[in-house]
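Notes for the one structure printed next.
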Amino acid sequence: MEETSRAVSRVLNITRQTAINPLEADATKYHVGMAADFWAGYLSGAIGILVGNPLDLLKTRLQAGPSHVPDISPSTHSPTRIQRLSLLAKGSAAPILGYGALNALLFMTYNRSMGLMHEDPANPSSLTKTWVAGAVAGLATFVVSAPTELIKCRAQVSRDRSSSLEIARQIWKDGGLRGMYWGGGVTSLRDSVGYGF
């Protein structure tokens, strides 16, 4: 137990030192800090989706209106408990994968931006630099957030039982790479400003 505690303390210390100025840190410390940022971000994103997706699904269906809500009324039998739970998870595959990657990218970009501005992300002294680092990180996440949001929203309002993968394939077939970023300009603006604050 004590060895684990020392190892965690060492990784956190290396991450903190790396974030202060990644240009001066040696390569090993820099890569350990990036790995810690990546996994911390990935796990927080995935757990956030598992907790928040049912509420997000309800919000999206309410906003889409009654014509987009799938019919879940019993036809010959009532849905089982597992079927009802699966409806709450609809559209969650893309966000679990995507938001894990998004948060990983967010954490890494934010910490590296703070380091490039000679600011400690754990103990910032300038709100302006904190906002700039957050905005840069938010803009960087556009690469992941635009396609993830598009697939998630289409899965949540689809009337059939299409999976996230089937929806992604259809978007790619219809619009290619450009189609995956439909609405991405607004997403990038929202993320940049939002993560800045």
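Taken together, the values in this text are just the output of simple stated rules run on the coordinates, not laboratory data. For clarity, every value in this text was computed on a predicted model and none was experimentally measured. Neighbour counts run over all protein chains shown; Cβ positions are idealised from the backbone, glycine included.
Assuming charge only on the beta carbon of Lys and Arg (+1) and of Asp and Glu (-1), the dipole of the range 149-197 about its Cα centre is about 120 debye to the nearest 20.
Once backbone amide H atoms are built at 1.01 Å from N, Asp120 has Ser125 as its partners under 5 Å, excluding neighbours fewer than 5 places away on the same chain.
According to the square roots a ≥ b ≥ c of the eigenvalues of the Cα gyration tensor, what is the shape class of the range 114-180, taking rounded for a/c under 1.5, prolate for a/b larger than b/c otherwise, and oblate for the remainder?
prolate
Karplus-based coupling profile of the range 46-61, in residue order and whole Hz: 5, 5, x, 5, 4, 7, x, 4, x, 5, 5, 4, 4, 4, 5, 5, with θ = phi - 60° in 6.51 cos²θ - 1.76 cosθ + 1.60 and x standing for Gly or Pro. Listing Arg159, Arg190 from fewest to most neighbouring C-beta atoms within 10 Å gives Arg159, Arg190. Phi angles of the range 127-138 translate, via the Karplus equation with coefficients 6.51, -1.76, 1.60 and θ = phi - 60°, into HN-Hα couplings of 5, 5, 5, 5, 5, 4, 4, x, 5, 4, 5, x Hz per residue; Gly and Pro are given as x. 3J(HN,Hα) along the range 108-125, derived from phi through the Karplus expression 6.51 cos²θ - 1.76 cosθ + 1.60 where θ = phi - 60°, amounts to 5, 5, 4, 5, 5, 5, 4, x, 5, 9, 6, 10, 7, x, 7, 9, x, 10 Hz, with x in place of Gly and Pro.
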